[in-house]
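Data block below; observations after.
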Amino acid sequence: MVVYACVLSCCMHGQPSRDFAAFRDAFVTTYKKLEIRPAAPSYADNLQNIPRLPDIQQQLAFFRDAEKKIAGFANLWLGEEELLDLDMMKFETNLNLQRLALEKKWAEEKPSVIPSGNIYQIPHGKEWYTYLLNRYTGENVNADEIFLNDSEEATRLGRQIDTLAAAHGLSLQQLIIHMQDRAFAPETDTGKSTAVANAARLIHSKMPLLFNQPSAFTVGFADEKLLPGNHPGEQYHTHVTSMYLYKLLPGAYYQQQLAARAVKSPVQALFRYDNFTNAWAAYAETLGKEMDVYSSFYEEISQLQCALLRCVRSVLDIGINFYGWADDKAINTWQAYMPAGVGNVQQEIYAVKHLPAHAVACSYGCMLFVQWKKELQARQGSSFNIRDFHDRLLKKGALPFFMVKKNVFRKSASAHTSGISTATR
């Protein structure tokens, strides 16, 4: 009976896998033939790249057919990697159908003069923005909820900065002035290289606390040029640790190097999800205190300011592109949250107008990673393993956030993950 059951199981599994493989190969082949342009960062560039109506109809036919076939595989017995491909094809199919519906309207109703202010001003602007939010976050998100959450988080971070400054006998403005004081470190090439080297040495030594592959990569001089101190006006002496965490280790550089080693299926090789990298970098920056790499409370303040800036960017992004704020309202909102002398509101407004939804995706993804960590810590208590949590976040490379969540919460035979139920989208 056992042998019969095993044979039956293999037969039941074998045919769906063969059928799925044939569909997957056909999906990849046809998708490549359609020559679909990847989404550009600028919404204006995306409008310029909208194909002709016959091409839109051809793409619609492909994705509608794919949608039906994907639904047919939903309840079949597929392996882990097959399910990953199925999730990605379903996600991309749904998004492309959303995009094509908007592009069809655009092709049929294209205005003689294209509004150049922001995406809110174009025909069906809120629908376009919602599509971009879904594209960049990898979720069916609600702009109103994200706006509220980021507004509350910005208020919390502002209070945390005030409290930390007061604990050291400084008002907020005294703190800002003091952090910009050049006396922290000599404004020389030697001073800059020393600041970078000190941060690098400390961060590298602490990586094993939080990562199973702490020394897998070395950071070359060319990569260190990305850091503050190499650009005029940046205060390397207070920001260098946060920026090292964000841009290099364990941030964007580390994630990209791990992703380059990941084995990708032909489906996964079709698509890029760069906003995962940005969100990971923002999360990595929050690990400074946990890694014990701050040499002074000014460096902790610097990280909190960076987190505050990302939250306020997200608020402005949604306010301008989804609610249709005028510049005056955006400036007033900025001033309500940001300390005077920190950041450049005009630059931020320009950026979110031309690159809608990117700021939201970065802040949103970082928030998800922090939230998942807290959830698992609460469930697992002393058995929670931060290194394994980070492995699960990073092991598949850059993916839509809902797919990353499935991997983070997937059941495992390992003791540290026992009792975790598989998350659903």
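The values are calculated or read from the model by the stated rules, or taken from the named source; none is laboratory data. Since the structure is predicted, the reported quantities are computational estimates derived from the model, not experimental observations. Note that we place each Cβ from the backbone using ideal geometry, even for glycine, and neighbour counts take in every protein chain shown.
Observations
- Flag for Y31 being outside the structural domain of N275 (by TED's automatic domain parsing) and under 22 Å from G125 (Cβ atoms): no
- Residues that are of a type outside the set (G, A, S), surrounded by 14 or more Cβ atoms within 10 Å (Cβ to Cβ) and not in a loop (DSSP other than H, G, I, E, B) within the stretch 257-286 comprise Q257, L258, Q268, L270, D274, N275, F276, T277, N278, W280, Y283, E285, listed in sequence order.
- Residues of the stretch 221-271 satisfying the condition of being at pLDDT 95 or above and touching a Cys at 6+ places or on another chain (Cβ under 7 Å): none
- Residue match in the stretch 410-419 (condition: at pLDDT 95 or above and outside any helix (DSSP H, G or I)): no
- Pairs meeting the criteria (first residue in the stretch 349-369 and closer than 21 Å to Y120 by Cα, second residue modelled with pLDDT under 95 and assigned to a loop (DSSP other than H, G, I, E, B), beta carbons under 6 Å, at least 6 apart or on different chains) are K353/N118; H354/S42; L355/P41.
- Single condition K289 does not satisfy, out of (1) surrounded by 24 or more Cβ atoms within 10 Å (Cβ to Cβ); (2) more than 19 Å from the chain's Cα centre (by Cα): (1)
- Selected residue (only one of L308, L368 is crowded, with 22+ Cβ neighbours inside 10 Å, aliphatic (A, V, I, L, M) and assigned to a helix (DSSP H, G or I)): L308
- The stretch 371-385 residues that are farther than 24 Å from A282 by Cβ, paired with ones that are modelled with pLDDT under 95 (beta carbon under 6 Å, 6 or more apart): S383/H416
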